[in-house]
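The values are calculated or read from the model by the stated rules, or taken from the named source; none is laboratory data. Please read these numbers as outputs of a predicted model, since none were measured by experiment. No Cβ is skipped: glycine too gets one built from the backbone with ideal geometry, and neighbour counts run over all protein chains shown.
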Amino acid sequence: MYLSKAAVSLSLGLLAVMASTTTLALDKAAAGAAFHPSSQDWATAYNAGEADRIVAMYARDAVVMPPDAPAATTATLRDYLVKDIANAKKAGITLAIVDGKSASSGNLGWHEGTFTLVDTTGKTVGTGKYVEVWERKDGKWTMIRDIWNNDAPAAAATAPTAPKD
């Protein structure tokens, strides 16, 4: 049976698409296995007050973009985390991460999800979302960019009441 050049090209093209689809699925599975536990570890370390454990998850040249604060590098991230964790503990706030999607291609990957802030009574006092960008160097994944923001603006501060005479 004789196949035309067009038929051969079409067949090779379909095989290439099938191969790339399979690779993408494998990359999603690998990314999920790598990034999801790390995001959960981030929340666990935050709730335990372990800022150094969180900082160790980032590359040395990482940039972290928290809400309502300037961007931080790994040089300034620890100070930010120590203050933020202390404020959360003082307010009785616990962080919970809900995993979302992730994928990777080569040595870069990303992970997205949502978070919930819960007070000591179990009431949800805040929600938001995050995106992490990961890079693999020497077989180890570290975050190179991290951003999260709140679904709603922070509650406005109550204006002080004038003293009564």
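Summary table below
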quantity: The listed residue being of a type in the set (K, R) and surrounded by 15 or more Cβ atoms within 10 Å (Cβ to Cβ), out of R60, R53; calculated: R53
quantity: First in segment 89-103 and farther than 15 Å from D119 by Cα and free of Cβ contacts under 8 Å to residues at least 24 places away in the same chain, second anywhere and aromatic (F, W, Y) and crowded, with 16+ Cβ neighbours inside 10 Å, Cβ under 7 Å, 6 or more apart; calculated: V98/F115
quantity: Complete set of residues in segment 34-52 that are in contact (Cβ under 8 Å) with a residue 40 or more places away in the chain and assigned to a helix (DSSP H, G or I); calculated: A34, F35, H36, S38, S39, Q40, W42, A43, Y46, N47
quantity: Hits in segment 53-81 (condition: β-branched (V, I, T) and either closer than 15 Å to W42 by Cβ or in a strand (DSSP E or B) (or both)); calculated: I54, V55, V63, V64, T73, T74
quantity: Members of segment 86-121 found to be within 20 Å of A48 (Cα to Cα), in contact with a helix residue (DSSP H, G or I) (Cβ under 6 Å, 6 or more places away or on another chain) and of a type outside the set (A, V, I, L, M, F, W, C), listed by number; calculated: T94, D99
quantity: Flag for D99 being at pLDDT below 95, of a type in the set (D, E, K, R) and assigned to a helix (DSSP H, G or I); calculated: no
quantity: Unique match (being among the aliphatic types (A, V, I, L, M), surrounded by 11 or more Cβ atoms within 10 Å (Cβ to Cβ), farther than 25 Å from N150 by Cα and at pLDDT below 95) among A30, A16, A7; calculated: A30
